[in-house]
1. Looking at the structure I just gave you, is residue 307 within 24 Å of the chain's Cα centre (by Cα), assigned by TED's automatic domain parsing to the domain that holds residue 263 and either touching a residue at least 40 places away in the same chain (Cβ under 8 Å) or buried (at least 17 other Cβ atoms within 10 Å of the Cβ) (or both)?
2. Conditions first: (1) touching a helix residue (DSSP H, G or I) at 6+ places or on another chain (Cβ under 9 Å); (2) without any contact (Cβ under 8 Å) to a residue 40 or more places away in the chain; (3) part of a helix (DSSP H, G or I); (4) surrounded by fewer than 21 Cβ atoms within 10 Å (Cβ to Cβ). Residue 232 passes all but one, so which condition is the exception?
3. For the range 337-370, give me each residue that is within 20 Å of residue 272 (Cα to Cα) and out of contact with any helix residue (DSSP H, G or I) (no Cβ under 6 Å at 6 or more places or on another chain).
4. Kindly indicate whether residue 221 is under 15 Å from the mean Cα position of the chain (by Cα) and either surrounded by fewer than 22 Cβ atoms within 10 Å (Cβ to Cβ) or not in a helix (DSSP H, G or I) (or both).
5. Does residue 483 meet the test of being touching a helix residue (DSSP H, G or I) at 6+ places or on another chain (Cβ under 8 Å) and either surrounded by fewer than 19 Cβ atoms within 10 Å (Cβ to Cβ) or on the phi > 0 side of the Ramachandran plot (or both)?
6. Looking at (1) in a strand (DSSP E or B); (2) farther than 24 Å from residue 488 by Cβ, which is the only condition residue 292 fails?
7. Quick check on residue 407: is it closer than 24 Å to residue 338 by Cα and over 32 Å from the mean Cα position of the chain (by Cα)?
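The values are calculated or read from the model by the stated rules, or taken from the named source; none is laboratory data. Please read these numbers as outputs of a predicted model, since none were measured by experiment. All Cβ positions, glycine included, derive from the backbone under ideal geometry; neighbour counts span all protein chains shown.
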């Protein structure tokens, strides 16, 4: 019942305060609570029952959050789907989750209907079920019995390493991650968070955590100018950005100096993909507020490690090669283990593992994958890292992306960082290719700045000056653009296909 408790508490405490806003308007906590109660009643009358899985297919807007709260009120599970999926992909995920129906924007539902295999009922935000809920006095006929260990959502992973998996999280997971996050970060009263993390992604838990504290959640448009405008209009105190979006905001502020962020902005949260130190420094110098790194994963329940503003380096001073991910939040634990699953001492690189009530219940309809992800109550993250003497986690790379060349481990992220230090390189990815003599060898794919004319040999020479010979890629290929997912992660499987 966590989402319902959150809503009831904030209505009591902050009824007239803005709770939710998008480009079309805002809702107070009073208004949001009434709308959710009416929507839950209408969905129940439509046949939605406790335990039903309901897909949500929409671009980011207020109604998405309302739907999550209403389904949680009933005890049904929301199953967010990426609005950028093609109809066949939508059908595949809907069938895998065995959804009872789909809720969302009409044009996207019509797009999904192009594939005959998409089953279940449809409800569009433009339909009568959603219209007229404002000011409605409708309520559920009886109080649903929703327990803290009831599942609340199936969140599909971004599938950077293969087919998407459905991560099942319960009300306890969202509650524990939210409370741990708030204990670690202490957002002050009056917090206004502009969230640029997609609402269909596991990063939505970060938004829910701030709502739990009574913050105002602002959902901007997708363009950098929309984000800046939303921050200024609502006098944002916090912004949540993936690195690619942060880069867009920095570029926009540089080319449109009249379009400024508000003086109320105190903190930018970033995560979901690696942030280069150079981009951090440029953004910190340009924007002039504090920065907070967020490390988490859908299987862990959301954000579980953070590096606060006071631990970030001076953007005008000497910068490290890479920033630490930070310290684990209260209620969760983190350790680093070797290949046999034995904990490693400080400073030694191994697989990052986590445990706590925030972690997932398992992968939906995939007991083998669930078992493979667990070891003695700990969840294997697939990330490589180490802990320092102050308890800060440092991430090195993905375990599945390590390249083994003649028996020696090569971390693509290290090569990518060096590549991006070349003045002509704006983006880079390193992937493995098979070599008959050496097993696997790294291949570098780079995107050059507009108009830059740089030879492959120069880039290889740049790498040779900075790292051991065995780490140097076999070749360098110049490409126009790296394929990235909705959170900015490079889709390396598309580069190796």
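1. Taking the combined requirement at face value, the residue satisfies it.
2. (1)
3. Hits for the range 337-370 are 352, 353, 355.
4. no
5. Yes; evaluated as a whole, the condition is true for this residue.
6. Only one criterion in (1) in a strand (DSSP E or B); (2) farther than 24 Å from residue 488 by Cβ is unmet by residue 292, namely (2).
7. yes
So that you can scan it fast, the table gives a plain yes or no per residue for (1) touching a strand residue (DSSP E or B) at 6+ places or on another chain (Cβ under 7 Å); (2) not in a strand (DSSP E or B):
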residue: 305; (1), (2): yes, no
residue: 316; (1), (2): no, yes
residue: 330; (1), (2): no, yes
residue: 348; (1), (2): yes, yes
residue: 371; (1), (2): no, yes
residue: 385; (1), (2): yes, no
residue: 391; (1), (2): yes, yes
residue: 396; (1), (2): yes, no
